[in-house]
Amino acid sequence: MNKGDLKISFKVEGGRIFLLRAKHDSDIIDFLTEFAKKNEIATAAFTAIGALKSAKLGFYDQEKHEYSEESLSAPQEIASCIGNISPKENKPFTHAHAVLTDQNGKTCGGHLLGGKVFAAEIHLTELEGAKLTRKNDDVTGLSLWKIPTSNS
Amino acid sequence: MNKGDLKISFKVEGGRIFLLRAKHDSDIIDFLTEFAKKNEIATAAFTAIGALKSAKLGFYDQEKHEYSEESLSAPQEIASCIGNISPKENKPFTHAHAVLTDQNGKTCGGHLLGGKVFAAEIHLTELEGAKLTRKNDDVTGLSLWKIPTSNS
Amino acid sequence: MNKGDLKISFKVEGGRIFLLRAKHDSDIIDFLTEFAKKNEIATAAFTAIGALKSAKLGFYDQEKHEYSEESLSAPQEIASCIGNISPKENKPFTHAHAVLTDQNGKTCGGHLLGGKVFAAEIHLTELEGAKLTRKNDDVTGLSLWKIPTSNS
């Protein structure tokens with residue numbers, strides 16, 4: 001690639017596949033990160049459904065490059081949750097987005113920063129040979145996928 | 001495992017993969033369950049998009065351990081649908097969550113109890129060797145994944 | 001199949017798997033279609049999360065058989081995005097549904113007609129041997145999966 005070129009695709013191979021039953025009262029993001037650490041999973045993709053006792057969602061301000069947060073203290077259905085795990089500073093990092101619904105059917109969605117598990121079923125596929133790592137991206141201010149360099 | 005330990009991960013192998021075009025006017029949950037029965041699929045994960053003529057969503061009361069339901073009689077886009085199929089009392093059981101949107105863009109989400117198909121495209125992956133079954137869980141009142149015992 | 005029978009399941013095989021980092025300022029639907037063309041991917045399933053600078057959603061009128069559209073000019077989180085790529089008139093066609101959230105947590109969902117990428121992470125699996133193509137369906141007015149005929 002020429003200088004300034006950006007790698008936009010990472011070819012991977014399907015590795016181990018797991019169905020997970022997230023621990024009651026655990027934080028769903030911590031649960032996934034810990035599972036990856038224990039099982040030496042560097043990169044993975046997952047979906048999840050279930051319910052949370054409470055949750056914290058983030059919305060990224062594309063101008064200011066900072067997150068605003070919303071804490072949901074009431075129980076929520078996980079109407080949708082899609083995410084991935086990939087290396088950041090040599091440790092597994094869990095990135096998940098979700099749509100949550102309260103008992104009145106009101107939906108809220110965004111970056112899932114955390115959520116206390118009532119019950120959750122996760123379908124996770126390890127992705128091998130990814131050769132990517134999260135690095136700070138100047139354009140967006142986010143930590144995005146790049147090819148690791150010898151300094152990584 | 002010691003008494004009281006809970007199995008939280010089930011390693012599976014990817015089996016058959018299908019793209020499904022759900023039958024017009026069928027119930028999307030029944031369609032999936034029947035497809036699993038006909039094709040002897042014990043366990044699977046799926047995603048779906050499309051549109052429903054009507055739908056019924058459930059919200060679980062985490063205190064009372066009972067579902068409240070909301071019937072949506074107007075047409076809905078399936079903005080998101082994530083789910084799985086797994087054995088419950090030795091028969092395939094379909095568990096799906098969805099985010100639905102009406103013609104005015106209003107979203108509603110939760111446990112998808114049923115929905116009359118207008119058109120739906122489903123990506124389903126069979127998961128083999130799961131060795132799990134749904135059993136009643138005292139803590140949540142839900143039917144969750146456990147290892148089958150000789151009495152299962 | 002007898003005349004009038006409709007093929008509802010297409011058995012496929014898992015092909016190449018990619019993690020994609022959609023190009024900043026590209027259109028997410030065009031990005032996916034172009035990626036499929038360049039890599040000779042006929043059929044695939046994907047999920048995506050991230051954020052869009054703006055987006056256009058469609059809602060299908062099941063009676064009138066036409067889309068109404070809603071343009072969202074403000075930044076949106078991609079709280080959920082599920083889709084597939086399949087052949088239509090011998091070219092890859094991207095079909096995606098999404099749930100988007102604005103900075104105030106307000107969600108909107110539907111058929112994702114387009115969206116200007118701020119940042120997006122896509123997990124895409126090629127599906128080989130699908131032997132399907134999109135053809136106009138009289139019942140719904142949509143372009144749905146059918147078996148290609150010699151006239152396709």
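Restricting attention to the stretch C:52-70, the residues that are touching a residue at least 40 places away in the same chain (Cβ under 8 Å), within 11 Å of chain B (Cβ to nearest Cβ) and small (Gly, Ala, Ser) total 1. Condition (residue is facing another protein chain (nearest Cβ under 8 Å) and closer than 24 Å to C:Ala119 by Cα) applied to the stretch A:24-43: is it met by at least one residue? Checked the stretch A:24-43: at least one residue is facing another protein chain (nearest Cβ under 8 Å) and closer than 24 Å to C:Ala119 by Cα. Determine, yes or no, whether B:Ser73 is over 21 Å from B:Thr140 (Cβ atoms), away from chain C (no Cβ under 11 Å) and of a type in the set (Gly, Ala, Ser). When the stated conditions are applied, B:Ser73 passes them. The sole residue among A:Leu113, A:Leu127 that is touching a strand residue (DSSP E or B) at 6+ places or on another chain (Cβ under 6 Å), within 21 Å of A:Lys7 (Cα to Cα) and in contact (Cβ under 8 Å) with a residue 12 or more places away in the chain is A:Leu127. A single member of A:Asn104, A:Asn136 is over 28 Å from A:Ile17 (Cα atoms), surrounded by fewer than 22 Cβ atoms within 10 Å (Cβ to Cβ), more than 10 Å from every other protein chain (Cβ to nearest Cβ) and free of Cβ contacts under 8 Å to residues at least 12 places away in the same chain, and it is A:Asn136.
The residues listed here are C:Ala98, C:Ala130; of these, the one that is at pLDDT below 95 and within 21 Å of B:Ala48 (Cβ to Cβ) is C:Ala130.
Hey, could you check the stretch C:113-132 for residues that are part of a strand (DSSP E or B) and within 20 Å of B:Leu19 (Cα to Cα) and say which is most open to solvent (accessible area, probe 1.4 Å)? My answer is C:Glu128. In the condition set (1) modelled with pLDDT of 95 or more; (2) touching a helix residue (DSSP H, G or I) at 6+ places or on another chain (Cβ under 9 Å); (3) over 18 Å from A:Gly109 (Cβ atoms), C:Leu52 is compliant with all but (3). Scanning the stretch C:139-152 for residues that are in a strand (DSSP E or B) and touching a residue at least 40 places away in the same chain (Cβ under 8 Å), we see that the one that is most open to solvent (accessible area, probe 1.4 Å) is C:Lys146.
Of all residues in the stretch C:115-133, count the ones that are at the interface with another protein chain (Cβ under 10 Å from one of its Cβ atoms) and in contact with a Lys or Arg (Cβ under 6 Å, 6 or more places away or on another chain). Counting residues in the stretch C:115-133 that are at the interface with another protein chain (Cβ under 10 Å from one of its Cβ atoms) and in contact with a Lys or Arg (Cβ under 6 Å, 6 or more places away or on another chain) gives 1.
The values are calculated or read from the model by the stated rules, or taken from the named source; none is laboratory data. The structure displayed is predicted, hence computed values, not measured ones. No Cβ is skipped: glycine too gets one built from the backbone with ideal geometry, and neighbour counts run over all protein chains shown. Quick note on the areas: whole protein, heavy atoms, side chains included, nothing else; ligands and nucleic acids left out. Shrake-Rupley method; radii C 1.70, N 1.55, O 1.52, S 1.80 Å.
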